[in-house]
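Since the structure comes first, as structure tokens, the remarks are kept for the end.
Throughout, read-outs are computed from the coordinates displayed, never taken from laboratory work. Note that the coordinates shown come from a computational prediction; the quantities given were computed from them, not determined experimentally. Note that we place each Cβ from the backbone using ideal geometry, even for glycine, and neighbour counts take in every protein chain shown.
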Amino acid sequence: MPVEIPKDKWPGSVRTVTIGALPKDGGTRKCTVTVGGETTMPFLHYEGEIPNRPVVAIEIMDRQPDDWSPLLAEAWKDVMDDPAKWAVAAEQAGADLLVLELSLNNRNGEPTTPDEAVSAVKSVLAASGLPLIVFGPGQAEADNALLVPISEATKGERIVLGICEDKNYRTIVATAMANDHLVSARTAMDVNLAKQLNILISDMGLPLDRILMDPTTGALGYGIEYGFSVMERLRLAALQGDKMTQLPMIVTPGYEAWKIKESKVGEGVPETWGDWLNRAINWETLTAITLLESGADVLVLRHPESVKRVKRAIDELMSAKELV
Amino acid sequence: MALSGIQIYKLLPQTNCKECGFPTCLAFAMKLAAKQVELSSCPYVSEASKAQLEESAAPPIRLITLKSNGYEVKVGNEVVLYRHEKTFYNKSGLFVKLHTSQIENALIEETRRINQYQVNYVGMDLEVDGIAVEDDTHDPAKMKAAVTAIRSVSKKPLILISSAVDVLEAGLSQLSGETPLVCCANSTNWEKFAELAGKYKAILAIESDKIDEFVELTEKIKSKGIEDLVLIPNGKNLGHNLILQTQIRRAAIKANLRALGYPTLAFCSSPVEAAQAITKYAGFVVLDEFAAELIYSLLVLRQNIYTDPQKPIQVQPGLYEINNPKENDPVLVTTNFSITYFSVANEVEGSGLPAWLLVADAEGMSVLTAWAAGKFDADRIAKAVKSTNVTDKLSKHLLILPGSVAVLSGEVEAELPDWEIRVGPREAVDIPKFYKLALQVN
Ligand code: B12
Ligand code: SF4
């Protein structure tokens, strides 16, 4: 007896956004990444289209980070002090694209200069043909000082510049518009705040297909349930036809999962926490999978083993299309 | 599907005899629809109406309870697809699988490890719910021996897995008085399995990768009088499982399709599969192996996904003493969000360093969330200091702020002029180091 399974018929869909530009389009990338386009909740192939698979970005830095877990230092070994080498290693580890994060201070403890930042970005672009996302150090003034010259020096590459927040988006959006780049817009786990920032950015004239939205997340055990539900709500709103939520979502489970105790600390923790390395990788993977299932389009990760596991999961989630 | 007052009225005697305590049958029907009275208050409802009303009042996903001597695992009774619509109620039961081929000592050893496992997460002791025993020897005697061995060290509920009725029966015979779960029934063996489940009052799990087949089987099995069922969607991969789980949940909740209104069970051979099972609808999660770091991360995920989105988990605001603080020890101030409180409390406790932990009432929010929402400011911190009389307990008045709200230090100084205000590290992990370097305490 055939059973009628209720299907949701959605009027809306997520926009498609393409990151990176090929030489024929004014860039130097050897490939581009296109995300978005969904007309259904995550991976429900039986009721809508998922034309583009979610992608995994690996996060690298412009210099050896000071506060990353020793496990990450072990995983990346000697490439960590050279962004170009790190980029190549990340590409080999399976990254679909790269996130380069700039440090507030350089190796000598002085503020990173625009020249240093530009040369880090250029060295990464020269070393790897993958599309690129560049995040500033996360302080309004430093972000503006570094991102504008980077944007100008890489005109036409369709880099994603971040992070745009409510207090600090104008300069970044303006330079992205002038130099054919994209932006990443971050808000604090709230549907209305996300919509509002997207409106502000598009009001400046940046087309919506050049914006990724970052709803923020917490790590497993440290607020992931809020991220999970806000992403489900944002995606439902998009499918219901709310234009200002119809942007692909980028999230940073790697950053969140690797800053908490479970992954940072190996000694003096309860025995019931188990093996340190496996625990840390589980922490990152589980955080990522949970967000993937609630609508993430770009997942930014740190450990190569997590990348492998999450990519395998994406393969299986996408290939289920043939099974139903 | 819940019936309206009018629909219920049509099923009542319509004599307005008032024995239920209401002036009319309609008034009683309205109260019933609002779930403010019990059907049993009306002595005259016909058996047929009663059955129909009970059926309609049943939750869309049946509540299933696995029981053993002293333990219960309840799953089902869910009412939404997305947790923000209300909440998810009954946490997925987490089980670890053992095998009948394992030698007795190994079984006992593994069982003991699983049974003893307990991990603390934000003040809650979390545990594995039970053990699944899989028959890989096709020998009833081995199943019997395995169950006996497990029962010699653990009382937790069991799931028995085999394709052979006699093997399952050998296990069930050792579990009198319990409600275990047996699997897996399918389109060829279902009759014998239903009989077995009936005889031993066990819960029966049905396995398939086709929705239509589930419907057919649950209806057939139900007609044999077996109502406590569990569905095992065994798709071809992770994505297929997500779709089957979602379709079952949707059909039950949105279309009120009784034939699919049962909790599900997922066999998981990787952390990723288990994580998906927890977030996407599995009632029971059976893991292939026991590894502390895996169980810990899954127990935390389960806890997170099943918290009520309307109520952050909180601790009581107030003054907490850690490691017997004395009058010259520092006061660390934090918020009453459980995760925040325990991150700090565990860190200080583990380091052996004494401290007064002052928990301000920040309406259950984390430090930065509360700060951004105006619920953790100089005023609230000062209030916390005053309302707890911590000042009287101290000779030295040193207050440490969380590093992420360093900006508050000026205002706090103004509010608490007799106190020395210091800014601590941003992350709780760094508190012991801060004690040593900045406070020079060892
Ligand atoms: C989960 C979350 C929420 C949840 C609330 C969860 C809760 N119950 O608190 C929700 C979704 C409701 C939420 C809402 C908001 N949020 Co919020 N949220 C987060 C998130 C993702 C995680 C917070 C968390 O739980 N952290 C874990 C806990 C354990 O951290 P913690 O309390 O800081 O404690 C640590 C340290 O501070 C330290 N520590 C704690 N106490 C002490 C004490 C001492 C003495 C020391 C030394 C150390 C120490 O130890 C702990 C472990 O290291 C963060 C972003 C992020 N990824 O961190 C944003 C974040 C905190 N939220 C933010 C904002 C702005 C908001 C909103 C105002 C947005 C809005 N307008 O809607 C609202 C405010 C709430 C309201 N108006 O009702 C911002 C704050 C920005 C800022 N820097 O000011 C953040 C940082 C996100 C961002 N990047 O923009 N949020
Ligand atoms: S007791 Fe039953 S029949 Fe009598 S008024 Fe109440 S509902 Fe009607």
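Remarks
- Rg/Rh ratio calculated on Cα atoms of the stretch B:252-345 (Kirkwood radius): 1.18
- Amide hydrogen proximity for A:Asp214: with H placed 1.01 Å from N in the peptide plane, the residues at 5 or more positions away or on another chain lying under 5 Å are A:Ala185, A:Arg186, A:Thr187, A:Ile250.
- Solvent-free Debye scattering, log10 I(q)/I(0), computed from the Cα coordinates of the protein assembly as shown at q = 0.09, 0.11 Å⁻¹: -0.95, -1.27
- Percent of alpha-carbon pairs separated by more than 25 Å within the stretch A:1-141: 43
- For chain A, the mean residue ellipticity at 222 nm estimated from helices alone is -12000 deg cm²/dmol, where every DSSP H run of n ≥ 4 contributes -39500 (n - 2.57) and the total is divided by all residues, rounded to the nearest 500.
- Quotient of the Cα radius of gyration of the stretch B:1-130 and 2.2 N^0.38 Å, N being its number of residues: 1.64.
- Modelled label positions at B:Lys236 and A:Ser119, each set 7 Å beyond Cα in the direction of Cβ, lie 5.4 nm from each other.
- Beta bridge orientation in chain B: antiparallel %, DSSP, nearest 5: 30
- Based on alpha-carbon atoms, the Kirkwood radius and the radius of gyration of the stretch B:385-442 give Rg/Rh equal to 0.98.
- Debye equation applied to the C-alpha atoms of chain B, log10 I(q)/I(0) at 0.06, 0.08, 0.10 Å⁻¹: -0.39, -0.64, -0.86
- Under Stokes-Einstein, with the Kirkwood radius over Cα pairs as Rh, the value for the stretch B:170-249 at 37 °C and 0.692 mPa s is 251 µm²/s.
- Label sites at B:Gln440 and B:Asp212, each approximated as a point 7 angstrom past Cα along Cα to Cβ, lie 8.1 nm apart.
- Using all pairs of distinct alpha-carbon atoms, the Kirkwood hydrodynamic radius of the stretch B:64-305 works out to 17.9 angstrom.
- Normalising by residue count, the stretch B:183-305 has a Cα convex hull of 109 Å³ per residue.
- Taking the DSSP bridge list for the stretch B:23-169 and keeping only pairs wholly inside it, about 50 percent are antiparallel.
- Unit Cα scatterers, Debye sum, the stretch B:103-164: log10 I(q)/I(0) for q = 0.29 Å⁻¹: -1.27
- For the stretch A:95-111, 3J(HN,Hα) computed residue by residue from phi via the Karplus equation (6.51, -1.76, 1.60; θ = phi - 60°) reads 4, 7, 7, 10, 10, 9, 9, 8, 7, 5, 10, 7, 3, 8, x, 9, x Hz, glycine and proline entered as x.
- Shape call, the stretch A:16-318: gyration tensor on alpha carbons, a/c limit 1.5: rounded
- Rounded to two decimals, the Cα-based Rg/Rh of the stretch A:161-233, with Kirkwood Rh, is 1.02.
- With only the Cα atoms considered, the stretch A:192-324 has a convex hull volume of 130 Å³ per residue.
- For B:Pro60, net neighbour charge (Lys/Arg +1, Asp/Glu -1) across residues whose Cβ lies under 10 Å away: +3
- Bridge orientation summary for the protein assembly as shown: considering DSSP beta bridges with both residues in this region, about 25 percent are antiparallel.
- Of A:Lys7/A:Lys167; B:Lys393/B:Lys433; B:Lys31/B:Lys67; B:Lys155/B:Lys199; A:Lys243/B:Lys210, those spanning more than 31 Å from alpha-carbon to alpha-carbon: A:Lys7/A:Lys167; B:Lys31/B:Lys67; A:Lys243/B:Lys210
- Ordered from longest to shortest, the equivalent ellipsoid semi-axes for the stretch A:197-238 are 26, 11, 7 Å, each the square root of 5 times a Cα gyration tensor eigenvalue.
- Per residue, the convex hull spanned by the Cα atoms of the stretch B:318-441 amounts to 87 cubic angstrom.
- Prolate/oblate/rounded label for the stretch B:213-260 (Cα gyration tensor, a/c 1.5): oblate
- Whole-Å semi-axes of the stretch A:255-301's equivalent ellipsoid (Cα gyration tensor): 24, 10, 7
- Between A:Gln196 and B:Arg113, the simple label model (points 7 Å from Cα in the Cβ direction) yields a spacing of 5.2 nm.
- Computed over the stretch B:5-57, Cα set: Rg, Dmax in Å: 9.6, 26
- By the helix-only formula, in which each DSSP H run with n ≥ 4 contributes -39500 (n - 2.57) and the sum is divided by residues, chain B has a 222 nm mean residue ellipticity of -11500 deg cm²/dmol.
- Diffusion constant of the stretch B:291-349 at 10 °C, which comes from Stokes-Einstein with the Kirkwood Cα-pair radius and 1.306 mPa s, µm²/s: 115
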